[in-house]
1. Failed condition for B:GLN48, given (1) under 26 Å from B:GLY286 (Cα atoms); (2) surrounded by 23 or more Cβ atoms within 10 Å (Cβ to Cβ), with all others met?
2. Condition check: under 27 Å from B:ASP54 (Cβ atoms) and in the same structural domain as B:ARG215 (by TED's automatic domain parsing). Does B:SER331 satisfy that?
3. Among the residues of the stretch A:175-206, write down those that are farther than 18 Å from A:ALA267 by Cβ, aliphatic (A, V, I, L, M) and either assigned to a helix (DSSP H, G or I) or not assigned by TED's automatic domain parsing to the domain that holds A:ASP266 (or both).
4. Check A:THR67, A:THR133 and return the single one that is at pLDDT below 90 and either assigned by TED's automatic domain parsing to the domain that holds A:HIS211 or not basic (Lys, Arg) (or both).
5. If you take the residues in the stretch A:137-153 that are in contact with a strand residue (DSSP E or B) (Cβ under 7 Å, 6 or more places away or on another chain), more than 28 Å from B:SER30 (Cα to Cα) and facing another protein chain (nearest Cβ under 7 Å), which one is modelled with the highest pLDDT?
6. Criterion first (closer than 27 Å to B:HIS61 by Cα and either outside the structural domain of B:LYS75 (by TED's automatic domain parsing) or surrounded by fewer than 21 Cβ atoms within 10 Å (Cβ to Cβ) (or both)) does B:ASP152 satisfy it?
7. So, in the stretch A:93-119, of the ones that are out of contact with any Ser or Thr (no Cβ under 9 Å at 6 or more places or on another chain) and more than 8 Å from chain B (Cβ to nearest Cβ), which residue ends up farthest from B:THR144 (Cα to Cα)?
8. Of the numbered conditions (1) within 24 Å of A:GLN28 (Cα to Cα); (2) aromatic (Phe, Trp, Tyr); (3) modelled with pLDDT under 95, B:TYR85 satisfies every one except a single condition; which is it?
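The values are calculated or read from the model by the stated rules, or taken from the named source; none is laboratory data. The shown structure was predicted, so the numbers you read here are calculated from the model rather than taken from an experiment. Note that each Cβ is placed from the backbone with ideal geometry, even for glycine, and that neighbours are counted across all protein chains shown.
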Protein chains: 2
Amino acid sequence: MAESRTEIGTLGEFGLIEHLTKNIEQRQISTLVGVGDDGAVLDHYGRQTVVSTDMLIEGVHFDLAYTPLKHLGYKSVIVNLSDIYAMNAIPTQLLISIAISNRFSVEAVEEIYEGMLAACDRYHVDLVGGDTTSSSGGLIISITAIGEVSPDKYVKRSTAQKGDLLCVSGDLGAAYLGLLLLEREKKIFLESPQVQPSLEERKYIVGRLLHPEARKDVIEFFEENDFRPTAMMDISDGLSSEVLHICKQSDLGAVLYEEKIPIHPDAKDFCYTLELDPTACALSGGEDYELLFTVAQADYDKIKDIEGISIIGYMTEAEKGATILTKGGNSYPLTAQGWNAFS
Amino acid sequence: MAESRTEIGTLGEFGLIEHLTKNIEQRQISTLVGVGDDGAVLDHYGRQTVVSTDMLIEGVHFDLAYTPLKHLGYKSVIVNLSDIYAMNAIPTQLLISIAISNRFSVEAVEEIYEGMLAACDRYHVDLVGGDTTSSSGGLIISITAIGEVSPDKYVKRSTAQKGDLLCVSGDLGAAYLGLLLLEREKKIFLESPQVQPSLEERKYIVGRLLHPEARKDVIEFFEENDFRPTAMMDISDGLSSEVLHICKQSDLGAVLYEEKIPIHPDAKDFCYTLELDPTACALSGGEDYELLFTVAQADYDKIKDIEGISIIGYMTEAEKGATILTKGGNSYPLTAQGWNAFS
């Protein structure tokens, strides 16, 4: 009997998830939102909780050659908190599982925890459980975050409306450029160990990669101003990929204006050094952990003058697809890897 | 500057967890129980939820040479549900993260999911989220389970009282014997691939290893009979280790009667084949996923005649330590690896 074998690469990560989760049934009345968003939403007796989980694997998600352990611990927590904020909820508790080989000392694990606890402290979150186990090789960190949200105030990816404004917090692409810089320095170091990297002048992009923050302040601003986005998610895989998620899940298209995409001057500067296009980096570079959200046109006044919030485009009917309008006046379809002009 | 390096082996898993978690502060008023039990307990607006997480790593927790993928998926869910039941709660939702290398096909991942979803179905639990990522080597599964419990009905490890009866559900040691059998067959197979193992007559012990169930029925029995243990945990690392956990966390000692420890005839039979002591296997063998709990003496009548519940000893003052009284009339201190006579 011949067994068929389909390579995972033929589906891709999102295809695989879609394939595996298509038969999932929900049985519990307390399950309000299941798979397919930044977090799940559970009904707990009138109020609601949001849960989300993320796994970080050495060699896949981080390289210990240039990631300080304390920063790694901090970032692994931030990545999860970002998912909770992206549901318009406030994180409250964390569970942390960690697998380590005997190549790590107790002091090394302590450093990771120090970073994790520093993030818990800063974001006022409790570490309430987890699992510690040995791994046969690399370091693995798996975190589940739990948060609270007032009844029906959570924000999904699938609820954007045609005509809504498309907005992002902060600036994009810098973390990816920090990664390119550190990869380059690692290569130089391996070839000529006597050369010490000077990262000081590239502090901003390196910091965006190694020491990201979650946009708690944006969610608090929404709450204080009694404002609610129509759809939201966090930007972990690059702007293009996330805009396409909102389009697909809301059954809409989108237009982005290249000139409106926020890019930090230091990120632009390093782009020019590498002869890269800053817009391509913002579209395809991951790990920014900014928020992408849509806003009803009626709420335009509430956000138009907020520093650190950029209106980068608007939602259209699905048939128009997702496109970017360049500074030069051309329109290109968005793809998960940037746009076609770059493929 | 000399940096100190402490090997993780010098602390051990429990020592490491204790070391890392000793500085954890709780900030959220909704955190009722934090690290150190089978699950954490969160206060959700009058009712309470329990959360727990577990990580399974290829080569550490399972060997794909003799673990069918579907069974692995099923078991990885059971392990987590067992922790929720051990808090006297009912599991309701799961988040599943899985890391796979390209050595796995889509069909292989489907099989794992099939097993996971079969367990979700049987235990009426919703899969509400997770993460799918690539690993550089082995298969990694990390699951977080969420459950519900009526206000203040959860049962911790730390609340046993002196004089309480010590009870276990089901029988012990069989999963460990199943592991010994499969390890032996793997070795034989690697040496002489033409020899086919005959596992049929050892079905019980193999089944206990590869296809465990969580003791939902025991928790339902407690609920129906308005009965509540004084302390409880599930048996994943062997009876000795778990009795010592309850003793330490409740600040008590315990006496176990060797003759009362429930061991299945098929487990005993395979012990004799290997010339092993069945009691040692029950004390030290892991992965039984039975429940260990303590009962107030006043509740003796409620449990004395229940089939499948064994009263195996009682709790004493801490000074007396944890001991086992053998069939031959000797008393030995319990250790996490069985008892001293076997070391």
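1. (1)
2. So B:SER331 does not fit the description; no.
3. A:ILE188, A:LEU190
4. A:THR133
5. Ranking the candidates gives A:ILE140 first.
6. So B:ASP152 does not fit the description; no.
7. It comes out as A:ARG103.
8. So the condition that B:TYR85 fails would be (3).
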